[in-house]
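No value in this document is a laboratory result; all are computed from the given coordinates. Just so you know, these numbers come straight off a predicted model, no measurement behind them.
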């Protein structure tokens with residue numbers, strides 16, 4: 001999206017600094033992918049619209065971990 005569109009806000013990718021246009025109904029923690037470098041991002045602030053790297057999901061003790069995985 002090269003030109004600004006109605007009902008869209010502009011943010012910058014923290015990785016490559018590309019302009020990213022997102023819809024105005026975006027919510028906090030919504031996932032966003034940079035169209036230039038394909039970095040997984042999330043909305044961390046709404047005003048001004050700020051994107052940051054998406055955090056890796058935290059593992060629960062019950063998630064696919066055996067004693068063998070720690071050796």
- Query: Which of rounded, prolate, oblate describes region 8-56, given a ≥ b ≥ c as roots of the alpha-carbon gyration tensor eigenvalues and a/c under 1.5 marking rounded, otherwise prolate only if a/b is larger than b/c?
  - Reply: oblate
- Task: Subtracting the Cα-Cα distance from 0.36 nm times the residue separation, let me have the gained length for residue 17 to residue 40 in nm, one decimal.
- Result: 6.9 nm
- Gain upon complete extension [residue 33, residue 50; 0.36 nm per residue less C-alpha separation]: 4.8 nm
